[in-house]
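> Quick one: structure below, then a few questions.
The values are calculated or read from the model by the stated rules, or taken from the named source; none is laboratory data. Note that the coordinates shown come from a computational prediction; the quantities given were computed from them, not determined experimentally. Cβ atoms come from the backbone with ideal geometry, glycine included; neighbour counts cover every protein chain shown.
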Amino acid sequence: MKTFISEDFLLEGDTAKELYHNFAKQMPIIDYHNHLPPEEILEDKNYSDISEIWLAGDHYKWRAMRANGIHESFITGNKSNYEKFEAWARTVPKLLGNPLYHWTHLELQRYFGIDELLDDNTAPEIWKQANEKLQHSDFSVRSLLKRDNVAFIGTTDDPADDLASHKQLHNEGFEVAVSPSFRPDKGIQIEKDGFTGWLKDLEEAAGIPIEKYEDLLTALSKRVEYFDSLGCRSSDHGITAMFYEPALKTDAETVFQKWRDGKDLTAKEIEQYKTYTLLSLAEMYAAKGWVMQLHIGALRNNNTKMFEKLGPDSGFDSIGDDLLARPLSHFLDTLEAKDALPKTVLYSLDARDNYILATAAGNYQNDEVPGKIQFGTAWWFNDHIDGMENQMKILANTGLISNFIGMLTDSRSFLSFSRHEYFRRILCSLLGSWVDRGRAPKDMELLQQYVQDICYYNAKRYFKLS
């Protein structure tokens with residue numbers, strides 16, 4: 001059966017169609033947060049088959065397959081790539097209402113020109129057609145990026161990473177800007193088992209021994225400098241529950257030394273260390289003009305048995321429900337009081353908190369840059385039609401959607417850039433509906449500015465991209 005994705009997919013009304021086809025469609029892509037491997041961009045990798053580029057590492061698909069009763073051997077196990085693809089093909093028809101159903105067929109059509117619906121009957125032919133095309137040079141990673149009109153990519157990188165691939169790409173002057181993003185989560189989580197090993201890695205990367213807390217701050221500062229030299233524009237933080245425990249530097253030093261001595265830390269001490277360290281990092285970001293992204297509310301690795309078997313980021317995370325408003329307000333206000341609050345993007349995995357984030361952002365705007373504090377795009381479990389519409393409506397209701405920096409993929413796949421098209425269609429349909437229902441003027445010059453700013457120009461200005 002032929003696909004349902006037409007040129008007017010998701011565009012409800014004539015105004016939406018006009019906005020998308022005339023203004024949104026052709027805009028370049030700024031994907032300022034993703035988990036793409038820079039080494040594959042450097043080597044300009046060609047993938048052997050569609051499973052390798054499509055299923056490996058995609059925990060969204062893994063969760064759907066598990067929910068369909070697929071055995072783990074067909075997901076992360078030892079079955080062949082074709083068997084894993086066929087298991088995914090059997091799952092896809094069960095996905096109506098899930099964005100994966102749309103993304104799957106959008107990607108098949110946009111990248112491979114395949115208009116058939118994917119199921120167990122069409123799987124063999126789709127496997128054959130897709131794999132034949134993947135062997136061509138115009139399906140290499142760099143070719144895909146250029147085909148998608150990608151202007152900027154912000155990957156996710158630990159402070160201890162050597163950034164070797166980024167350095168080579170930077171020196172080479174690849175036409176798509178590939179920038180590292182500073183993700184120091186392991187350095188914040190002093191209570192985790194991995195903190196000791198991470199500290200050793202940071203010592204090696206920074207080239208200094210870390211015996212005292214001051215050494216840790218110095219090492220982090222050196223890595224900020226190094227990231228900045230390679231075009232870093234942003235930090236990123238995964239925060240399970242927002243924290244704020246007032247602390248002086250001496251408090252953080254005491255906690256760090258207590259940890260060094262092998263003593264157990266109290267919950268208050270852990271939060272003191274986290275608070276002072278994150279505040280110190282934020283001041284470093286502000287000095288560099290970086291953006292600070294806070295991804296709040298993912299309750300990770302809930303299935304202990306599968307975590308021990310597969311490790312993190314394997315599809316066993318869900319939404320947390322810790323209280324957010326008060327610690328977030330204190331954290332932002334402490335930085336603002338010192339004139340050290342960087343440009344900040346706030347994301348919450350719990351849609352219950354959307355109004356909290358949208359209104360918190362409004363407390364700290366200024367004339368430095370329009371929309372300095374952003375209520376970030378719908379994230380992860382909210383990354384679907386309802387979630388994106390809800391996020392944009394709340395932003396419009398409480399702030400200025402005109403200054404919104406738009407979409408990101410948060411993805412590990414080079415076939416995910418069609419999600420920007422998905423977002424743009426939803427954006428144009430939302431704005432078009434306001435016009436068609438008499439809630440906004442049909443001023444196409446004004447609407448063009450909204451659409452193109454949200455799709456591209458706002459992010460370009462916000463991240464200071466040339």
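> When the range 196-220 is examined, which residues are found to be in contact with a helix residue (DSSP H, G or I) (Cβ under 8 Å, 6 or more places away or on another chain), part of a helix (DSSP H, G or I) and surrounded by fewer than 16 Cβ atoms within 10 Å (Cβ to Cβ)? Please lay out each step first, then the result.
Let us first name the residues in the range 196-220 that are in contact with a helix residue (DSSP H, G or I) (Cβ under 8 Å, 6 or more places away or on another chain), namely 198-199, 202-203, 205-214, 216-220.
Filter once more, keeping what is part of a helix (DSSP H, G or I): 198-199, 202-203, 205-206, 213-214, 216-220.
Of everything in the range 196-220, those that are in contact with a helix residue (DSSP H, G or I) (Cβ under 8 Å, 6 or more places away or on another chain), part of a helix (DSSP H, G or I) and surrounded by fewer than 16 Cβ atoms within 10 Å (Cβ to Cβ) turn out to be E214, T218.
> So, one more: Which condition number in (1) basic (K, R); (2) surrounded by 23 or more Cβ atoms within 10 Å (Cβ to Cβ); (3) not in a helix (DSSP H, G or I) is the one that R424 fails?
Looking at each condition in turn, R424 falls short on (3).
> Kindly indicate the residue of the range 137-160 that is assigned to a loop (DSSP other than H, G, I, E, B), in contact with a helix residue (DSSP H, G or I) (Cβ under 7 Å, 6 or more places away or on another chain) and not small (G, A, S) and also surrounded by the fewest Cβ atoms within 10 Å (Cβ to Cβ) among those meeting that condition. Don't jump to the end; show me each part of the working.
So the first thing to find is which residues in the range 137-160 are assigned to a loop (DSSP other than H, G, I, E, B), and the list is 140, 148-149, 155-156, 158-160.
In the following step, the residues that additionally are in contact with a helix residue (DSSP H, G or I) (Cβ under 7 Å, 6 or more places away or on another chain) were identified as 155, 158-160.
Now narrow it down to the ones that are not small (G, A, S): 155, 158-159.
Values: T155: 23, D158: 19, P159: 26.
Here the answer is D158.
> In addition: Report yes if S179 is touching a Lys or Arg at 6+ places or on another chain (Cβ under 6 Å) and crowded, with 16+ Cβ neighbours inside 10 Å, otherwise no. Can you show your working first?
Values: touching a Lys or Arg at 6+ places or on another chain (Cβ under 6 Å): yes; crowded, with 16+ Cβ neighbours inside 10 Å: yes.
So S179 fits the description; yes.
> Hey, another quick one. Out of everything in the range 263-273 that is in contact (Cβ under 8 Å) with a residue 40 or more places away in the chain and surrounded by fewer than 22 Cβ atoms within 10 Å (Cβ to Cβ), what residue ends up being nearest to G376 (Cα to Cα)? Please lay out each step first, then the result.
Just the residues of the range 263-273 that are in contact (Cβ under 8 Å) with a residue 40 or more places away in the chain, to begin with: 265, 270, 273.
Now restrict to residues that are surrounded by fewer than 22 Cβ atoms within 10 Å (Cβ to Cβ): 265, 270.
On the way: L265: 33, I270: 27 Å.
Looking at residues that are in contact (Cβ under 8 Å) with a residue 40 or more places away in the chain and surrounded by fewer than 22 Cβ atoms within 10 Å (Cβ to Cβ), I get I270.
> Right, next: Quick check: anything in the range 179-189 modelled with pLDDT under 95 and outside the structural domain of A87 (by TED's automatic domain parsing)? Full working, then the answer.
Step one: list which residues in the range 179-189 are modelled with pLDDT under 95, which gives none.
Scanning the range 179-189 turns up no residue that is modelled with pLDDT under 95 and outside the structural domain of A87 (by TED's automatic domain parsing).
> Kindly indicate which of A287, A252, A340 is farther than 18 Å from I190 by Cα, among the small types (G, A, S) and not in a loop (DSSP other than H, G, I, E, B).
Numbers: A252 fails: farther than 18 Å from I190 by Cα; A340 fails: not in a loop (DSSP other than H, G, I, E, B).
Step by step, each of A287, A252, A340 is checked, and only A287 is farther than 18 Å from I190 by Cα, among the small types (G, A, S) and not in a loop (DSSP other than H, G, I, E, B).
> Just wondering, is there one or more residues in the range 363-373 that are aliphatic (A, V, I, L, M), surrounded by fewer than 18 Cβ atoms within 10 Å (Cβ to Cβ) and closer than 19 Å to R461 by Cβ?
yes
One line per residue, one yes/no per condition, for (1) free of Cβ contacts under 8 Å to residues at least 60 places away in the same chain; (2) buried (at least 17 other Cβ atoms within 10 Å of the Cβ):
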| residue | (1), (2) |
| --- | --- |
| S6 | yes, no |
| T15 | no, yes |
| A24 | no, yes |
| H59 | no, yes |
| F85 | yes, yes |
| L96 | yes, no |
| L100 | yes, yes |
| D115 | no, no |
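> Residue check: is P312 outside the structural domain of R63 (by TED's automatic domain parsing), closer than 22 Å to T196 by Cβ and at pLDDT below 95? Break it down into steps so the answer makes sense when it comes.
Values: outside the structural domain of R63 (by TED's automatic domain parsing): yes; closer than 22 Å to T196 by Cβ: yes; at pLDDT below 95: yes.
Judged against the criteria, P312 is a match.
> Now for a separate question. Take the residues of the range 439-458 that are aromatic (F, W, Y) and either buried (at least 21 other Cβ atoms within 10 Å of the Cβ) or touching a residue at least 24 places away in the same chain (Cβ under 8 Å) (or both): which is farthest from Y32 (Cα to Cα)? Working first, answer last.
Step one: list which residues in the range 439-458 are aromatic (F, W, Y), which gives 450, 456-457.
Within this subset, residues satisfying the condition of being either buried (at least 21 other Cβ atoms within 10 Å of the Cβ) or touching a residue at least 24 places away in the same chain (Cβ under 8 Å) (or both) are 450, 456.
Values: Y450: 19, Y456: 11 Å.
Among those residues, the one meeting the criterion is Y450.
> From L108, L163, grab the single residue that is buried (at least 20 other Cβ atoms within 10 Å of the Cβ), assigned by TED's automatic domain parsing to the domain that holds P28 and of a type outside the set (G, A, S).
Working: L108 fails: assigned by TED's automatic domain parsing to the domain that holds P28.
Checking each option against the conditions leaves just L163.
> Of everything in the range 307-328, what is without any contact (Cβ under 8 Å) to a residue 24 or more places away in the chain and in a helix (DSSP H, G or I)? Give them in sequence order.
Correct list: F307, E308, K309.
> Would you check which residues across the range 391-414 are surrounded by fewer than 23 Cβ atoms within 10 Å (Cβ to Cβ), of a type in the set (A, V, I, L, M) and not in a helix (DSSP H, G or I) and list them?
L400
> Can you go through I53, I70 and tell me which one is hydrophobic (A, V, I, L, M, F, W, C), part of a loop (DSSP other than H, G, I, E, B) and closer than 24 Å to M306 by Cα?
Numbers: I53 fails: part of a loop (DSSP other than H, G, I, E, B).
Only one candidate passes the filter, namely I70.
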